[in-house]
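Q: Sharing a structure here in structure tokens format.
The values are calculated or read from the model by the stated rules, or taken from the named source; none is laboratory data. Since the structure is predicted, the reported quantities are computational estimates derived from the model, not experimental observations. No Cβ is skipped: glycine too gets one built from the backbone with ideal geometry, and neighbour counts run over all protein chains shown. Note: areas computed on protein heavy atoms with side chains; ligands, DNA, RNA excluded. Shrake-Rupley method; radii C 1.70, N 1.55, O 1.52, S 1.80 Å.
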Amino acid sequence: MTDNNKKTANAMWGGRFAAGPDAIMEAINASIGYDKRLAPQDITGSRAHAAMLAATGIITDNDAEAIREGLLTVLSEIENGEFQFSAALEDIHMNVEARLKELIGEPAGRLHTARSRNDQVATDFRLWVRDQVDAAIEGLDALIRAFLDQAEAGADWVMPGFTHLQTAQPVTWGHHMMAYVEMFARDKSRFEDARRRMNESPLGAAALAGTGFPTDRHMTAEALGFDRPMANSLDAVSDRDHALEFLSCATICAVHLSRFSEELVIWSSAQFRFVTLSDRFSTGSSIMPQKKNPDAAELIRAKIGRIMGAMVALFTVMKGLPLAYSKDMQEDKEQVFDAADNLMLSLAAMTGMVSDLTANREALAAAASSGFSTATDLADWLVRELGLPFRDAHHVTGSLVAMAEGKGCDLPDLSLAEMQTVHADINEGVFDVLTVEASVASRQSYGGTAPVRVREQIARWRAALG
């Protein structure tokens, strides 16, 4: 650190410190390497604060105008890559204030009246997280629409439904796609709910106890788009729930992204051939020319590790902190920045993959009828038509499955006579329920896989999204 930088840093800290930090302390203390991302929010918050100081008579209109113009110049320099960030000045707040002083002189020193870096960083970070929440909501909206398009295209295409990754019962492609509409819609609602809670302003809480100046915190809250100022100054500077909630929502969303990524990896394999991924989201092999690898899906599947890790890291940082502010909280941003970057990238990539996805209807239909997928329909028929208790029907069906398995055929391939050796009252009507098309068409309970129900759900979600 140069002597000049030491003097600048000491001036920012005030007269309490006679010597500047050494290189190690500077390295551990500085956050400008990553919190410079908060520059737009920092300047927005400072402009709102300056306007309030002038409106309440705490500073003059002339000083407020000089501050406003100076801050716009600083922002322009940052956006144009002309701003020289200094680690000696620790963070984005000090870097902006120091440059503002170079530009406008004495009025810059009045900007920090009635606030602290504690409420300043809490405000900046909350504004940044709120922006990311808005971006996540927008990204989820696009992803949900992509799934709705897939569901509409294949509302009556039959495919196997799985439990334990084994064929269970036939479902429709549309029904499977709509399951993800429900998942990602819940993610969207979680972000929306979190946004409502985080939309309170810490600005004006000062260091921890509020301020003796006649400030108007409602004015700054309104100027920054918050619903209201936070009601307790201790809570305002020490709370990071907004970041924790963002990471929690992001983690659950990343789990859902990972689950569908896993299905895409399986479905696009030569063994399944259920789907074809577009070339835009696939890669080749350096040695095997036949390969088309679902790398985008695999990378999205891996992102949950980073996002969940960020959540655990921040929860761990916050778990033992007494009120109010502690320097530990400087470690709140890198994890959130990384998680947000990876979530937004994953949402965009998944939306592209789903939009470009081609389902192999023939392969889906062939797989739907394998593995005795209509066995439950047979058991239900025995209950409905012959009056058997379900447990007896289950036993009869199991015997018929064993017979078909022994013969190397599926249930519809058994003759009526063969079925009657297991239960004499079985009649020709049984064959009406043993096709996969009949199976899915019969599942008309609310939320079922029948095409008519799937189309109703698609219409409901299209109307809800507008």
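Q: Relative contact order of the chain: what whole-number percent is it, with Cα pairs under 8 angstrom and at least 6 residues apart?
A: Relative contact order, the chain: 16 percent.
Q: Where only protein heavy atoms count, and the probe is 1.4 Å, what is the accessible area per residue for segment 88-218 in Å²?
A: Result: 37 Å² per residue.
Q: Residue farthest toward the positive end of the dipole of the chain, with Cβ of Lys/Arg at +1 and Asp/Glu at -1: which of CYS253, LEU364, PRO107?
A: Comparing the listed Cα positions along the dipole, PRO107 ranks first.
Q: Just going by the charge dipole of segment 371-466, with Lys and Arg at +1 and Asp and Glu at -1 on Cβ, which of THR374, LEU386, THR421 is farthest out on the positive end?
A: After comparing all options, I get THR374.
Q: Count the net charge of all other residues whose Cβ sits under 15 Å from the Cβ of ALA417, scoring Lys and Arg as +1 and Asp and Glu as -1.
A: Charge balance in the 15 Å sphere: -3.
Q: Work out the length of the dipole vector of segment 363-466 about its Cα centre, built from +1 on the beta-carbon of each Lys and Arg and -1 on the beta-carbon of each Asp and Glu, and round it to the nearest 20 debye.
A: The dipole magnitude comes to about 680 debye.
Q: What net charge is computed for the residues neighbouring GLN84, neighbours being all others with C-beta under 10 Å from the C-beta of GLN84, Lys and Arg scored +1, Asp and Glu -1?
A: Once positives and negatives cancel, what remains is -1.
Q: Still on this structure, please answer the following. Defining a contact as two alpha carbons under 8 Å apart and six or more residues distant in sequence, what relative contact order in percent does segment 285-436 show?
A: Relative contact order of segment 285-436: 19 percent.
Q: Rounded to whole Å, give me the distance from the Cα center of segment 114-168 to that of segment 416-443.
A: 43
Q: R0 = 22 Å: FRET efficiency of ALA27 with GLN84, Cβ-based, nearest 0.05?
A: Efficiency, from the Cβ-Cβ distance: 0.75.
Q: Taking every pair of alpha-carbon atoms in segment 23-111, what share in percent sits in each 10 Å bin, from 0 to the bin with the longest distance?
A: Going out from 0 Å in 10 Å bins, segment 23-111 shows 18, 47, 27, 7, 0 percent.
Q: Step through the residues of segment 31-48 one at a time and calculate ³J(HN,Hα) from phi using the Karplus curve (6.51 cos²θ - 1.76 cosθ + 1.60, θ = phi - 60°), rounding each to whole Hz and writing x for Gly and Pro.
A: In residue order, the calculated couplings are 10, 4, x, 10, 7, 5, 4, 8, 3, x, 5, 4, 6, 4, x, 5, 5, 5 Hz.
Q: Calculate the spin-label point distance for HIS218 paired with ASP392, positioning each point 7 Å from the Cα along the beta-carbon direction, and give it in nanometres.
A: 7.5
Q: Turning to a different aspect of this structure: Taking a point 7 angstrom from the Cα of ASP149 along the C-beta vector, which residues in segment 320-358 have backbone N less than 19 Å away?
A: From segment 320-358, the list is 345-358.
Q: Next question. For ASP432 and PHE315 in one chain, what is 0.36 nm times their gap in residues minus the Cα-Cα distance, to one decimal in nm?
A: That works out to 36.5 nm of additional length.
Q: Around THR215, which amide H atoms from residues at least 5 apart in sequence, or from another chain, sit under 5 Å from its own amide H, with H modelled in the peptide plane?
A: Here the answer is none, since no amide H 5 or more places off falls under 5 Å of that of THR215.
Q: Mind scanning LYS36/LYS303; LYS292/LYS407; LYS36/LYS101; LYS292/LYS333; LYS36/LYS327; LYS36/LYS188 and naming the pairs with a C-alpha gap bigger than 26 Å?
A: LYS292/LYS407; LYS292/LYS333; LYS36/LYS188
Q: Ok, one more. Given labels modelled 7 Å from the Cα in the Cβ direction, how far is it in nm from VAL452 to ASN232?
A: 5.6
Q: Could you give me the ³J(HN,Hα) list for segment 343-358, computed from phi with Karplus coefficients 6.51, -1.76, 1.60 and θ = phi - 60°, whole Hz, x at Gly and Pro?
A: Here the 3J(HN,Hα) series is 5, 5, 5, 5, 4, 5, 5, 5, 4, x, 5, 5, 5, 8, 5, 10 Hz.
Q: Over segment 144-208, what is the relative contact order in percent, taking alpha-carbon pairs closer than 8 angstrom and at least six residues apart?
A: Result for segment 144-208 is 30 percent.
Q: Follow-up question, since we're still on this one. Take the solvent-accessible surface of the protein heavy atoms, probe 1.4 Å, and return the percent of it on the chain that carbon and sulfur atoms account for.
A: 52
Q: Let me ask something else about it. Tell me, what HN-Hα J-couplings in whole Hz come from the Karplus equation 6.51 cos²θ - 1.76 cosθ + 1.60 at θ = phi - 60° for each residue of segment 404-418, using x for Gly and Pro?
A: Taking θ as phi minus 60°, the curve returns 5, 4, x, 8, x, 10, 9, 4, x, 7, 6, 7, 4, 4, 5 Hz for segment 404-418.
Q: Report the local net charge at ASP141: Lys and Arg +1, Asp and Glu -1, summed over other residues whose C-beta lies under 15 Å from its C-beta.
A: 0
Q: Something else now. In debye to the nearest 20, how big a dipole does the chain give about its Cα centre with +1 on each Lys and Arg Cβ and -1 on each Asp and Glu Cβ?
A: About 520 debye.
Q: If the only charges are +1 at each Lys and Arg Cβ and -1 at each Asp and Glu Cβ, what is the size of the charge dipole of segment 23-111 around the Cα centre, to the nearest 20 debye?
A: Result for segment 23-111 is approximately 140 debye, rounded to the nearest 20.
Q: For the modelled label position 7 Å from the Cα of ALA424 along Cα-to-Cβ, which residues of segment 354-391 have backbone nitrogen atoms closer than 20 Å?
A: So the set is 382-383, 385-389.
Q: Can you give the accessible area per residue of segment 265-370, in Å², using a 1.4 Å probe?
A: Per-residue value: 50 Å².
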